[in-house]
Amino acid sequence: MSRIPTKMALRKVTMKCGHKMPFGAQVQEDGQVRFRLWAPAAVQVDLCLRRSDGSLHLALKQEDDGWFSLTTSEARAGDFYMYRLNGDVRVPDPASRFQPKDVHGPSEIIDPAAFEWQDNAWRGRSWEETVLYEMHVGTFSTEGTFAAVSERLDYLANLGVTAIELMPVADFPGTRNWGYDGVLLFAPDSSYGRPEDLKRLIQAAHQHGLMVLLDVVYNHFGPEGNYLRAYAPQFFTERHRTPWGDGLNFDGAESRPVRDFFIQNAIYWINEYRFDGLRLDAVHAITDDSDPDILTEIASGVASAVSSDRHVHLILENDRNQARYLQRTPNCRPKSYTAQWDDDFHHALHVLVTGEDDGYYVDYATRPIDHLGRCLTEGFAYQGEQSYFRDGALRGESTREIPLTAFVSFLQNHDQIGNRAYGERLISLVKPPAVRAATEILLLAPSTPLLFMGEEFGAKTPFLFFCDFEPNLATAVTEGRRNEFARFAQFREPSERAKIPDPTALETFLSSKLEWNDLDDPRQQDWLRLYRKLIALRRQHIVPQLAQACSIKAEYSAESERTLSVRWHFAGKLELSLCANLGPAPFSTALTFSPQNLIYSSEVNPDFYRPFTLAPWSVFWFLQS
C-alpha cells in the first residue's frame, strides 16, 4: 500500500503545474500568448480580444492542414477572447480553459502557472485501497460549488472512502446539468467556481489522503453550445451513429486532430489539475476501427505523460464488457485501464433485493443469485453469453487472469438512481434489511466498491435528471424524457407521464440536493455507523490481501435461489468466505464455519451450532488460514 503523506508534508514544497497544449490559448514563458485553432472549414480566423483597456482584433496566420495560429504580446491572463470566422460568426475557443459567461460567451485566458500547488509529495494511492465516492458537485451541497465540497473533506475522510469521483464538470449550457452535455471539455463549469477553486479542492483532498477522479465524456458533445460544425465539421462522421447523433470521427479522413483533442484533454486533467484518474463515460458508444483504437491511444498517452511514481487510474464504463482493456502485465500492472464499472453486479443484486425484472434487468431475472455469484468470483456475469435485452447478441469477454479489483461494484450510482422516472434511491424502494445485506456484501467483497453521495447515511432525497437548455431545446427534452417511459405499464397513459418531474424545472434540480440535516436523525446516524464500520473492516482485513494478490482463485455455490456462499483463496492458504441469505425467509444450511474466524455478522449473536440457520437478509464474513 502507498504511504499517505501528512498534511504538513504536503505543504512543505510548492510547485506549478500546467499542460502545454498544442492548441487553445497558451501563456508562454516570455509572457506572450499563443493562440491556435484547427478550423479546416474556415478561410479566415481573427482573434477578438477584450481587455480591461479596450478591444482589438488580430488576424491568425493560416498554416497547413487547417490550422490557424497567432502569438502576441497584446494578450494576457484574465483577458476575454473569441474567434471570428470568415469575418462573421464569433465562437468560443473549443479548448477554452474557462468560460465565465457560459458556453456562448467569451473564453478567458488562464495561466496555469499562476496557481502554486502545495502537494508536491502526493503520489496518489494504490488501486487496491480504493473505496470510491461518486458525487455531483451541484447537488452535493446547498451551495453547489467546488469550495463547498472542500468543506466536507473531513467528513469523507472519516467515512473511510479513499477516492472522490466527480461527475463531469466540463462546461455545459446553463446553470445546472448532470455534466454529460458538456461542450467545452477543458473548462470547468463556472457555476461550480473558477479553475483555481477546483485546484484547491483537489489539493485539499490530497491533504486529507483522498484521491480525486473525474468523469469525462469522449463519446459525444452536448446539444447546445457546440460550435465545432461551423469550422471543423471533420470532428463528426455520418459513418458511425450514437444515441446522440453523428459519431465522433476517430477513424476517418482528417481524424488525427480529433484524436489528439481527446488525448490532450485526458492528459490536461491529469497533469494541470493533478487528478488521480479519469472515468471514461459510455465508451461502448464510441466506434473506432483504427488500430490502435482511441481508447488504447488515450491510455498510452496518459501513461507517457505522467511520472512512473504516480498512481494514476483510468476507469471505463463499457456496456460491451470488453475485458481486453483490463488486461495486466506479468507484474500485475494495468496494460491500459485499471478498472471498469460492473453493471452486472448492480443488476443481479438489484433484482434480488427489489424483484424488478423489466428493461435490462430481464437478463438477470432467471437465477439472479448465480449472476451475483459469478460477479463476485469472476467480475462480469456476461462473458460472451447471449443477452435477451440486446436482441440475442453475445455480450462480454472472458475475465481470466484479471484481478477482481478491476471491477467497480455498486448498489447505486447516478445512472441507476437518476434514470428512474422519480429518481428514487434504493432505500426508498425496499426495506432497510435488504439494503443493509446488499451493503454488507458490497463493502467487504474483493471487488472495488463505489458509493453514491448520501448513500452512506440512507439519504432519501431523489437524484433526478435535470438540465438547463434554451427554451426550444428544453421543451423537446422534457417531452422526450417523459416519452422514454411510455413502454412501462405504469406510464402508458399520458396523464401518468405528465407527473414525471420536468428535467428543465429549477425545482427538479433543487429537490436533488442532499439534505445534510438528515444526519440529525438517529436512523441516518445508524446507517453512517454501519458504512464506517464496514469500510474500516475492509481496510483492516481485505485490503492487505488484495495488495498481495493479482489473480484470485474463487468459487461460489447457491444452495437456493436466495442463498449464496463464496470462497476466495489468497496467498499463504488464507481464505475469505461469504455466507448470505438474500431473502425474506430463514434458511438452514449444511455449511459449517468456525466462529473464531468470523470478521463480520449482520446478526448480533449468531448461533453457529448445527444446523446453521441463516436469518432473513443475513450476511456473514469469515477469514481463516
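Quick notes on this structure:
- Members of the stretch 599-625 that are in contact (Cβ under 8 Å) with a residue 40 or more places away in the chain and either small (Gly, Ala, Ser) or in contact with a strand residue (DSSP E or B) (Cβ under 6 Å, 6 or more places away or on another chain) (or both): Ile599, Tyr600, Ser602, Leu614, Ser618, Val619, Phe620, Trp621, Phe622, Leu623, Gln624, Ser625
- Checked against (1) free of Cβ contacts under 8 Å to residues at least 12 places away in the same chain; (2) more than 29 Å from Phe23 (Cα to Cα), Ala303 meets all criteria but (2).
- Here Glu470 meets the list (1) of a type in the set (Asp, Glu); (2) out of contact with any helix residue (DSSP H, G or I) (no Cβ under 8 Å at 6 or more places or on another chain); (3) without any contact (Cβ under 8 Å) to a residue 12 or more places away in the chain almost entirely, failing just condition (3).
- Of all residue pairs spaced 6 or more apart or on separate chains, those with beta-carbon atoms under 9 Å, a first member in the stretch 579-598 that is closer than 17 Å to Glu440 by Cβ and a second member that is of a type in the set (Lys, Arg) and modelled with pLDDT of 80 or more are Ala580/Arg562; Asn581/Arg562; Leu582/Arg562; Gly583/Arg562; Pro584/Lys431; Pro584/Arg562; Phe587/Arg562.
- Flag if Ala253 is among the small types (Gly, Ala, Ser), under 24 Å from Met21 (Cβ atoms) and part of a helix (DSSP H, G or I): no
- Residue satisfying all of: in the stretch 466-505; in a loop (DSSP other than H, G, I, E, B) and basic (Lys, Arg); farthest from Tyr360 (Cα to Cα) among these: Lys499
- When the helices (runs of 4 or more DSSP H) confined to the stretch 290-391 are screened for residues that are assigned by TED's automatic domain parsing to the domain that holds Glu424 and surrounded by fewer than 16 Cβ atoms within 10 Å (Cβ to Cβ), those reaching at least 2 such residues are found at 294-305.
- Residue in the stretch 211-234 that is closer than 19 Å to Asp319 by Cβ, hydrophobic (A, V, I, L, M, F, W, C) and at pLDDT 95 or above present: yes
- Some residue of the stretch 393-405 being modelled with pLDDT of 95 or more, over 19 Å from Tyr337 (Cα atoms), touching an Asp or Glu at 6+ places or on another chain (Cβ under 9 Å) and not in a strand (DSSP E or B): no
- Figure legend. Inter-residue proximity from the stretch 310-337: first residues of a type in the set (Gly, Ala, Ser), second residues part of a helix (DSSP H, G or I) and surrounded by fewer than 20 Cβ atoms within 10 Å (Cβ to Cβ), beta-carbon distance below 8 Å, spacing 6+ or different chains. Indicated pairs: Ser336/Thr296; Ser336/Ser300.
- Selection status of Leu451, in contact with an Asp or Glu (Cβ under 8 Å, 6 or more places away or on another chain) and crowded, with 23+ Cβ neighbours inside 10 Å: yes
- Test: residue in the stretch 605-619 that is buried (at least 19 other Cβ atoms within 10 Å of the Cβ), outside any strand (DSSP E or B), among the aromatic types (Phe, Trp, Tyr) and not assigned by TED's automatic domain parsing to the domain that holds Thr439: yes
The values are calculated or read from the model by the stated rules, or taken from the named source; none is laboratory data. Computed from a predicted model, the values in this text were never measured in an experiment. Positions of Cβ are backbone-derived with ideal geometry, glycine not excepted, and every protein chain shown enters the neighbour counts.
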